[in-house]
Amino acid sequence: MSIEDLPLKNERVLMRVDFNVPIKNGKITDDSRIKAALPTIQYALHHGASVILMSHLGRPNGKRDPQFTLKPCAERLSERLGKPVLFAPDSVGPEVEKMAHGLRSGQVLLLENLRFHPGEEEPEKEPEFVKKLAKLGTVYINDAFGTAHRVHASTALIATYFPHKAAAGLLMKKEISFLSPLLHNPKRPFYAIIGGAKVSTKAGVIQNLLKKVDRLFIGGGMTYTFLKAKGIEIGDSLFEATEVETVKNIMRSSSSSISLPLDLVIADAFDNGANRKTIPSNEPIPKGWRGMDIGSKTIQAWSAELGKANTVFWNGPLGVFEMAHFATGTHAIAEALSHSKAQVIIGGGDSVAAIEQMGIGDRFAHLSTGGGAALEFLEFSKLPGIESLTDIN
């Protein structure tokens, strides 16, 4: 069920959003997550509801911590909406309940950080927390795709308190509409690029994608666990010894569908100013050197191959993109995909950060707001925060 399926006039819409934004010295440095929530908030207001927003910020570990207050988000949201946003001193309790129940149609209230309470992340520790939250609204909307893979009070458990009135927001609906076809009927050829540091967090999704894709490109830090599994010396490169057997099994069953880099940019220190050189990927990396990026031959070959795709899913950078000298691979593949005829879906996290950094975000079909959630959705084809919502029929 989506927000569009519910009558909202005079309802108090309790909405889970993802305002987990970067804040430096009390100032928000990137408000794209706040902007992503605006259409759903505006939809509810336009249809005569009042809106009570709840979110987490950072990891305060179940305790009140002023550095993780959501107050700057209330101020920024007020600017974006062009109207006042009330801010609650807590997320539950008599005072918060009074504020929520006193809202008039068209008013917006943002609750303080949910994670100031242990009951948000560990509902069994504070079972009353979710009940108190549920008392605040008459309708529940989950628009926080980035946390939909968590079984938390505000993302999964709360929906049971809103029978026939727990629905997806517009952002959640959009995420599902772009990711679901990848599992069922992607336009082929369908290619996936998986980068980032760890095989351990992505082994499941790699195995599931290999059943669905025409080709899987492996880059980033996880490359070196794959090379190690092939018996190639990797010097001081990042790798996970515990995942070598998993990778051997993956390659045994699907090696013909996997593309590893052809060449690598290596450096003699984990530093932007380190000495660097390019070597073929089947050559041993010398001791004291480590892999930092894909090389120019890989960029050329992958760009040509990806140019044939009709659908591409990409999660995870292809090198240490935070350092300018090792961002070339990530940027070059992003640039190539931005001119592609394919429907390109960027699966959240650092890949989105790299693309936003380049200022080319508008050239892609979809930039997901949840890296971990997108990967889990592709691995399990469902998420707790979506499963808990009301079905239409």
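Among what's in region 24-39 and is outside any helix (DSSP H, G or I) and more than 14 Å from residue 58 (Cα to Cα), pick the residue that is farthest from the chain's Cα centre (by Cα).
25
Which of the following residues is surrounded by 16 or more Cβ atoms within 10 Å (Cβ to Cβ) and touching a strand residue (DSSP E or B) at 6+ places or on another chain (Cβ under 9 Å): 171, 157, 133?
One residue alone meets the criteria, 133.
Can you tell me how many residues in region 344-384 are in a strand (DSSP E or B) and closer than 17 Å to residue 35 by Cα?
The total comes to 2.
So, in region 43-66, of the ones that are within 23 Å of the chain's Cα centre (by Cα) and either farther than 14 Å from residue 111 by Cα or not assigned by TED's automatic domain parsing to the domain that holds residue 121 (or both), which residue ends up surrounded by the most Cβ atoms within 10 Å (Cβ to Cβ)?
Going through the qualifying residues, I end up with 60.
Among the residues that make up region 251-272, is at least one of them among the β-branched types (Val, Ile, Thr) and out of contact with any strand residue (DSSP E or B) (no Cβ under 6 Å at 6 or more places or on another chain)?
For region 251-272, residues among the β-branched types (Val, Ile, Thr) and out of contact with any strand residue (DSSP E or B) (no Cβ under 6 Å at 6 or more places or on another chain): absent.
Table: residues versus (1) of a type in the set (Val, Ile, Thr); (2) in the same structural domain as residue 367 (by TED's automatic domain parsing); (3) more than 30 Å from residue 118 (Cβ to Cβ).
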position: 153; (1), (2), (3): no, no, no
position: 165; (1), (2), (3): no, no, no
position: 181; (1), (2), (3): no, no, yes
position: 191; (1), (2), (3): no, yes, yes
position: 206; (1), (2), (3): yes, yes, yes
position: 215; (1), (2), (3): no, yes, yes
position: 219; (1), (2), (3): no, yes, yes
position: 229; (1), (2), (3): no, yes, yes
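Restricting to region 40-88, name every residue that is of a type in the set (Ser, Thr, Tyr) and more than 13 Å from residue 15 (Cβ to Cβ).
69, 78
Test residue 108 against the criterion of being in the same structural domain as residue 242 (by TED's automatic domain parsing) and in contact (Cβ under 8 Å) with a residue 24 or more places away in the chain, and give yes or no. Lay out the reasoning, then the answer.
Values: in the same structural domain as residue 242 (by TED's automatic domain parsing): no; in contact (Cβ under 8 Å) with a residue 24 or more places away in the chain: yes.
No, not satisfied.
Determine which single condition residue 188 fails, assuming it passes every other condition in (1) surrounded by 23 or more Cβ atoms within 10 Å (Cβ to Cβ); (2) not in a strand (DSSP E or B).
(1)
On the basis of being under 16 Å from residue 379 (Cβ atoms) and either in contact (Cβ under 8 Å) with a residue 24 or more places away in the chain or of a type outside the set (A, V, I, L, M) (or both), does residue 194 make the cut?
So residue 194 passes the test.
Report, by residue number, each residue of region 296-349 that is within 15 Å of residue 189 (Cβ to Cβ) and among the hydroxyl-bearing types (Ser, Thr, Tyr).
303, 311, 340 - these are the residues of region 296-349 that are within 15 Å of residue 189 (Cβ to Cβ) and among the hydroxyl-bearing types (Ser, Thr, Tyr).
Which residues, counting only those in region 297-328, are touching an Asp or Glu at 6+ places or on another chain (Cβ under 7 Å) and farther than 18 Å from residue 202 by Cβ?
Matches in region 297-328: 297, 298, 326, 328.
Among the candidates 253, 340, 259, single out the residue that is in the same structural domain as residue 217 (by TED's automatic domain parsing), among the hydroxyl-bearing types (Ser, Thr, Tyr) and modelled with pLDDT of 95 or more.
That would be 259, the only listed residue that is in the same structural domain as residue 217 (by TED's automatic domain parsing), among the hydroxyl-bearing types (Ser, Thr, Tyr) and modelled with pLDDT of 95 or more.
Sort through 21, 13 and tell me the only one that's within 22 Å of residue 135 (Cα to Cα) and outside the structural domain of residue 368 (by TED's automatic domain parsing).
13
Can you tell me which residues in region 230-269 are under 27 Å from residue 332 (Cα atoms) and either among the small types (Gly, Ala, Ser) or without any contact (Cβ under 8 Å) to a residue 12 or more places away in the chain (or both)?
Scanning region 230-269 gives 235, 237, 254, 255, 256, 257, 259, 267, 269.
Here's the yes/no breakdown for (1) small (Gly, Ala, Ser); (2) at positive phi; (3) under 27 Å from the mean Cα position of the chain (by Cα):
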{"position": "260", "(1), (2), (3)": "no, no, yes"}
{"position": "274", "(1), (2), (3)": "yes, no, no"}
{"position": "278", "(1), (2), (3)": "no, no, no"}
{"position": "282", "(1), (2), (3)": "no, no, no"}
{"position": "287", "(1), (2), (3)": "no, no, no"}
{"position": "302", "(1), (2), (3)": "no, no, yes"}
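In region 112-185, which helices (runs of 4 or more DSSP H) lie fully inside it and hold 3 or more residues that are touching a residue at least 40 places away in the same chain (Cβ under 8 Å) and either out of contact with any Gly (no Cβ under 9 Å at 6 or more places or on another chain) or not basic (Lys, Arg) (or both)?
118-121, 170-184
Restricting the search to region 194-219, which residues are part of a loop (DSSP other than H, G, I, E, B) and over 19 Å from the mean Cα position of the chain (by Cα)?
Within region 194-219, 211, 212, 213, 214 meet the criteria.
Looking only at strands (runs of 3 or more DSSP E) that lie completely in region 239-340, which have at least 3 residues being surrounded by 17 or more Cβ atoms within 10 Å (Cβ to Cβ)?
Here the list reads 263-267, 290-294, 311-315.
Here are some conditions: (1) over 21 Å from residue 116 (Cα atoms); (2) among the β-branched types (Val, Ile, Thr); (3) in contact with a Lys or Arg (Cβ under 8 Å, 6 or more places away or on another chain). Residue 40 meets all but one. Which one does it not meet?
If we test residue 40 against (1) over 21 Å from residue 116 (Cα atoms); (2) among the β-branched types (Val, Ile, Thr); (3) in contact with a Lys or Arg (Cβ under 8 Å, 6 or more places away or on another chain), just (3) comes out false.
The values are calculated or read from the model by the stated rules, or taken from the named source; none is laboratory data. This is a predicted model, so every value here is computed, not measured. Glycine also receives a Cβ, built like all others from the backbone with ideal geometry; neighbour counts cover every protein chain displayed.
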